[in-house]
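Undergrad: Take this structure, written in structure tokens, and hold onto it; I'll ask about it next.
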Amino acid sequence: MSVAGSGAFVRLAETARPAVAITVDGAPVASMRGDTLLTAMRLAGLIVRRSEFGDGARGGFCLMGVCQDCLVQVAGQGRVRACQTEVAPGMQVTTLG
Ligand code: FES
């Protein structure tokens, strides 16, 4: 499992931070301490959700906590903005559709 990125994001720096294991929809996703959930998901090639307007995959929009395009469910925390939530060991993330 690579933390370098195979998706929309590519990690270019800070590649030596400690690994943090999370799951997204039950599948393991590699991340590093200090990553946001959105960073981890986009590095892994995952989308956040499907558009309710039928125009495809969504992967975050503003990336700064304003638009709520990146809402996901985290076990024990409820709905959070993936772009504003730092990964934590064992975090279980569920996408919302
Ligand atoms: S991408 Fe806009 S709030 Fe997260």
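The values are calculated or read from the model by the stated rules, or taken from the named source; none is laboratory data. Please read all numbers here as calculations on a predicted model, not as lab measurements. Methodologically, a virtual Cβ is constructed for each residue, glycine included, from the backbone with ideal geometry; neighbour enumeration extends over all protein chains shown.
Undergrad: Got a number for residues in the range 7-21 being under 19 Å from residue 63 (Cβ atoms) and touching a strand residue (DSSP E or B) at 6+ places or on another chain (Cβ under 7 Å)? Break it down into steps so the answer makes sense when it comes.
TA: Filtering the range 7-21 for residues under 19 Å from residue 63 (Cβ atoms) gives 7-14.
Still in the list and also touching a strand residue (DSSP E or B) at 6+ places or on another chain (Cβ under 7 Å): none.
Here the count works out to 0.
Undergrad: Consider residue 33 against the criteria (1) modelled with pLDDT of 95 or more; (2) crowded, with 16+ Cβ neighbours inside 10 Å; (3) not aliphatic (A, V, I, L, M): it satisfies all of them except one. Which criterion is unmet?
TA: Going through (1) modelled with pLDDT of 95 or more; (2) crowded, with 16+ Cβ neighbours inside 10 Å; (3) not aliphatic (A, V, I, L, M) one by one, residue 33 breaks only (2).
Undergrad: Residue pairs, Cβ under 6 Å, 6 or more apart or interchain, first in the range 68-94 and in contact (Cβ under 8 Å) with a residue 60 or more places away in the chain, second small (Gly, Ala, Ser) and in a loop (DSSP other than H, G, I, E, B). List them.
TA: 92/75
Undergrad: Okay, moving on. Could you check the range 58-81 and list, in sequence order, the residues that are near the ligand (Cβ under 6 Å from one of its atoms), of a type in the set (Gly, Ala, Ser) and surrounded by 18 or more Cβ atoms within 10 Å (Cβ to Cβ)? Walk me through how you get there before you give the answer.
TA: Step one: filter the range 58-81 for residues near the ligand (Cβ under 6 Å from one of its atoms), giving 60-63, 65-70, 81.
If we keep only those that are of a type in the set (Gly, Ala, Ser) too, we end up with 60, 65.
60, the sole residue that qualifies.
Undergrad: Suppose the filter is surrounded by 14 or more Cβ atoms within 10 Å (Cβ to Cβ) and either within 16 Å of the ligand (Cβ to nearest atom) or over 17 Å from residue 95 (Cα atoms) (or both); does residue 55 pass it?
TA: no
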